[in-house]
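S.K.: What follows is a single structure, and I will ask about it in a moment.
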Amino acid sequence: MRNRENQRSSRAPERNIWRCYGVLFLFLAVVLCGAVILLVNLEGGKTYPGWTIYAAAGYSFTKIILAAVHVIRARKKKEQSWIVIRDIGLVDASVSILTLQTAMFAAFSSDDRELTVMMNGITGAAVSLLILVFGIIYLMNARRLRRKERHTG
């Protein structure tokens with residue numbers, strides 16, 4: 001009887017973490033969607049002075065590669081806290097790539113506004129969709145843990 005109670009009490013914080021981060025990812029996806037809409041409709045894009053854009057590009061690409069590697073390693077270990085932290089890192093790196101793209105278009109694009117709008121829209125939608133998928137997966141995991149808790153308890 002104690003084993004069941006201990007299992008249930010140990011799953012509750014895990015379920016709460018999954019649910020909390022799922023809601024936060026969904027909220028972030030909605031906010032980012034709004035930012036992308038503003039970026040597409042207004043003349044957006046950060047500009048960097050001189051050669052700084054190349055350093056920002058190197059940083060962003062390094063960040064996305066390392067984030068992907070860390071997500072894979074965390075999933076292999078199956079440690080919940082590491083998975084959450086690495087997923088947050090991947091989301092952060094994805095948003096950095098979107099920011100870099102807008103800066104690159106602001107710095108190097110010709111006067112082809114339609115291409116800039118289309119590319120920023122596509123990349124923004126892809127990043128928002130990625131974050132939305134993370135949120136849905138986290139909420140599904142929380143629900144799965146809750147069902148498991150009900151059936152064992």
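The values are calculated or read from the model by the stated rules, or taken from the named source; none is laboratory data. Because the structure is a prediction, the values reported are computed rather than measured. For the accessible areas, the whole protein counts, side chains as well, though only heavy atoms, and no ligand, DNA or RNA atoms are used. Shrake-Rupley method; radii C 1.70, N 1.55, O 1.52, S 1.80 Å.
S.K.: Probe radius 1.4 Å, ligands and nucleic acids ignored: give me the carbon and sulfur share of the accessible area of the chain as a rounded percent.
M.R.: C and S atoms contribute 63 percent here.
S.K.: With a/c under 1.5 counting as rounded, go ahead and sort the stretch 18-60 into rounded, prolate or oblate using the C-alpha gyration tensor (a ≥ b ≥ c being the square roots of the eigenvalues; past the cut-off, prolate if a/b is larger than b/c, else oblate).
M.R.: Oblate, because a/c is 1.5 or more while a/b does not exceed b/c.
S.K.: If you don't mind, another one. Taking semi-axes √(5λ) of the Cα gyration tensor in Å as the quantity of interest, determine which of (i) 25, 20, 16; (ii) 39, 17, 9; (iii) 27, 19, 14 was computed from the displayed structure.
M.R.: Looking at semi-axes √(5λ) of the Cα gyration tensor in Å for this model, the match is (ii).
S.K.: Tell me the relative contact order for the chain as a rounded percent, counting alpha carbon contacts under 8 Å between residues six or more apart.
M.R.: Reported as a whole number, the value is 48 percent.
S.K.: Distance between the C-alpha centers of the stretch 17-53 and the stretch 72-148? Whole Å please.
M.R.: Cα centres, the stretch 17-53 to the stretch 72-148: 10 Å.
S.K.: Can you work out the accessible area per residue across the chain, with the rest of the protein chains kept in place, probe 1.4 Å, in square angstrom?
M.R.: 66 Å²
S.K.: Per 0.36 nm of contour for each residue apart, how much would the distance between R75 and S110 grow if the chain were fully extended, relative to their Cα-Cα spacing?
M.R.: 8.4 nm
S.K.: Dividing the Cα radius of gyration by the Kirkwood radius, what Rg/Rh value follows for the stretch 95-153?
M.R.: Here Rg/Rh amounts to 1.37.
S.K.: Between Y54, Y138, Y21, where does the largest GNM mean-square fluctuation fall for the chain, given springs only between Cα atoms within less than 10 Å?
M.R.: Maximum among the listed residues: Y54.
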